[in-house]
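Values quoted throughout were computed directly from the atomic coordinates according to the rules given, and no laboratory measurement underlies them. Predicted model only: the values in this text are computed from it and were never measured. We place every Cβ from the backbone using ideal geometry, glycine too, and count neighbours over all the protein chains shown.
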């Protein structure tokens, strides 16, 4: 099978961007698009902007499907996300405990030397 290549296949105009089009362009741009829609098949699409964290993940899913590979199970990704959140929380807890331990060591009740943190 040939290498997967991303293609520029669609024209997408974000509705909020259309609101910024100067009024003078509306009749020459917006109205013809509305009339053109009557001659085009109805499509439902998912658009993910490139600055979203899901962007590259979605591309990888499409690449897998086009290569005939099974698309990774989303539940596996959800589990990985949950594990990452727990790891981040545990890292924060370790940082907090180290800060507390440092405060105790520097306080009036000095701890025994030799138990310094790495």
Original post:
What's the extension gain from residue 30 to residue 4 if we count 0.36 nm per residue and subtract their Cα-Cα distance?
Top reply: 5.9 nm
Subject >> C-alpha long axis of helix 54-66 to longest principal axis of the chain, angle in ° >> reply: 60
Subject >> C-alpha center-to-center spacing [region 54-98, region 35-50] in angstrom >> reply: 30
Original post:
At a Förster radius of 22 Å, what calculated FRET efficiency corresponds to the Cβ-Cβ distance of residue 61 and residue 13, to the nearest 0.05?
Top reply: 0.35
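Based solely on its DSSP helices, what 222 nm [θ] is calculated for the chain when runs of n ≥ 4 H residues each add -39,500 (n - 2.57) and the sum is averaged over all residues, nearest 500 deg cm²/dmol? Each step should come with its number before you reach the end.
Working: 4 runs with 57 residues, N = 118.
After summing the helix terms and dividing by the residues of the chain, the value is -15500 deg cm²/dmol.
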